[in-house]
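Peer 1: Have a look at this one before I ask anything.
Every number here is computed from the coordinates shown, using simple stated rules; none is lab data. In this text, all values refer to a predicted model and were calculated from it rather than measured experimentally. All Cβ positions, glycine included, derive from the backbone under ideal geometry; neighbour counts span all protein chains shown.
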């Protein structure tokens with residue numbers, strides 16, 4: 001074979017090899033991608049995404065990006081999907097990345113077969129992904145907050161005054177520990193008896209209420225979140241209390257001056273108080289006040305702390321209630337709660353499709369309803385009247401007007417209640433709120449509860465279950481007596 005022939009065959013093989021490598025590297029196919037189906041979607045931004053970027057389901061590549069174009073201020077992305085991958089009616093897409101600085105890809109959630117196949121002429125709904133810019137912005141905000149905290153601590157405890165405050169705190173802690181040591185020595189027997197009762201109570205709770213501990217842990221997290229959200233307001237309240245204490249001090253000084261003048265008989269009031277008839281009338285008024293205070297001492301106080309998990313909204317409700325009962329057949333109920341109310345949100349999306357007659361793209365607005373959760377701190381104040389086994393109540397229910405009825409049995413341990421409130425209508429809540437609740441007190445003050453919230457609003461309706469503790473007036477007196485003995 002001639003040298004020219006060998007050189008020609010060598011270059012021909014090299015050209016064929018280079019062509020194969022180009023086709024494999026650039027992911028080209030002769031005759032087009034016949035085993036793929038084209039879909040399209042819209043994103044607000046596609047920074048980092050490029051043509052030939054992968055489309056993945058659960059991390060597995062099922063296609064690639066065909067084209068990226070700008071349409072009505074949004075990025076229109078055409079997807080080439082394998083014919084073996086079905087796309088159902090509730091499918092969604094989002095942007096993802098491999099690692100923090102890795103390549104971008106489109107994460108496809110194909111949906112469920114029960115929703116039916118997704119139409120090919122409609123865009124697949126998209127969700128925004130988490131970008132590095134958003135992460136850096138969040139870290140910058142955290143750094144700013146930490147800087148403010150350290151600056152506030154420096155202003156509070158820095159310098160000579162701060163050192164004096166720390167010395168006072170240490171001295172107070174030293175005195176407090178000495179007092180606790182003395183108290184423990186004097187009440188050693190009572191403390192041992194109390195610890196034994198607590199140990200027995202914890203054993204019973206561990207055996208009978210395995211889920212109650214988890215519920216109270218959720219309650220603690222929610223209370224911590226509430227305190228964090230309202231920390232500036234709490235600082236303002238403390239400042240107002242200091243100002244109020246200073247005002248009371250000035251008022252007390254003025255009252256002392258006034259009483260000195262009255263004791264000397266100066267002025268009209270002093271003369272009236274020194275008159276025997278006036279003193280007799282004052283004594284009668286004091287007797288009336290004593291009778292009124294005696295009636296106040298006969299009042300019953302009941303405390304209720306509870307928590308419940310709302311199944312549909314994936315959130316919890318925490319409540320604290322107080323009942324003041326002048327008589328057994330009627331009482332006043334006050335309650336505070338953190339309630340995850342639901343709201344119906346209506347969003348309008350524009351869907352673009354081709355007119356079959358003109359062949360031009362046509363945009364059609366479509367309304368989509370979603371349900372969101374709004375965690376709110378609410379207050380209630382109601383008057384309750386008991387008639388036999390039924391208890392009727394009315395007043396303010398979770399910041400709205402309302403009322404309800406409750407049936408009680410088994411010495412009030414079993415309760416069935418129905419509550420109606422918030423009768424205003426709006427797009428966020430079409431109908432009034434109705435709540436059905438059942439509870440059963442199975443051991444001392446501990447009870448379990450379950451029910452249904454928002455019975456009249458189908459989209460907001462959710463079931464709930466939880467537990468709580470009730471303390472009667474006798475239990476509260478025992479707790480106060482134990483605190484007095486500790487002193």
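Peer 1: At R0 = 30 Å, how high is the FRET efficiency between residue 400 and residue 463 if r is their beta carbon distance? Nearest 0.05 is fine.
Peer 2: Efficiency for this residue pair is about 0.90.
Peer 1: Once you put a point 7 Å from the Cα of residue 257 and another 7 Å from the Cα of residue 431, both along the Cβ direction, what distance in nm separates them?
Peer 2: Rounded to a tenth, the inter-label distance reads 6.6 nm.
Peer 1: With the cut-off at 1.5 for a/c, could you classify the stretch 33-130 from its C-alpha gyration tensor as rounded, prolate or oblate?
Peer 2: Rounded, because the longest to shortest axis ratio a/c is under 1.5.
Peer 1: Another question about this same structure. Residue separation times 0.36 nm, minus the C-alpha to C-alpha distance between residue 174 and residue 440: what's the value?
Peer 2: Details: separation 266, 0.36 × 266 = 95.76 nm, distance 4.67 nm.
This chain segment gains 91.1 nm when fully extended.
Peer 1: Tell me the label-point distance for the pair residue 35, residue 353, using the 7 Å Cα-to-Cβ offset, in nm and rounded to one decimal.
Peer 2: Placing both labels 7 Å beyond Cα along the Cβ direction yields 3.2 nm.
Peer 1: Can you tell me the FRET efficiency between residue 201 and residue 383 if r is taken as the Cβ-Cβ distance and R0 is 30 Å, rounded to the nearest 0.05?
Peer 2: On the way: r = 34 Å, r/R0 = 1.15.
The formula returns an efficiency of 0.30 here.
Peer 1: For residue 221 and residue 56 in the same chain, what is the full-extension length gain: residue separation times 0.36 nm, less their Cα-Cα distance, in nm?
Peer 2: 55.7 nm
Peer 1: Calculate the spin-label point distance for residue 376 paired with residue 182, positioning each point 7 Å from the Cα along the beta-carbon direction, and give it in nanometres.
Peer 2: 5.2
Peer 1: Now for a separate question. Give me the extension gain from residue 311 to residue 67: residue separation times 0.36 nm, minus the current Cα-Cα distance, reported in nm with one decimal.
Peer 2: Values: separation 244, 0.36 × 244 = 87.84 nm, distance 4.26 nm.
Full-extension gain reported as 83.6 nm.
Peer 1: Continuing with this model, one more query. Report relative contact order for the stretch 33-130 in percent, whole number only (criteria: Cα-Cα under 8 Å, sequence separation at least 6). Write down the numbers at each step before the final one.
Peer 2: Details: 219 pairs, mean separation 32.0, N = 98.
RCO, the stretch 33-130: 33 percent.
Peer 1: Suppose R0 equals 45 Å. What FRET efficiency, 1/(1 + (r/R0)^6) with r the Cβ-Cβ distance, do residue 103 and residue 167 give to the nearest 0.05?
Peer 2: For residue 103 and residue 167, the calculated efficiency is 0.15.
Peer 1: Could you line up 320, 460, 3, 117 from fewest to most neighbouring Cβ atoms inside 10 Å?
Peer 2: 3, 117, 320, 460
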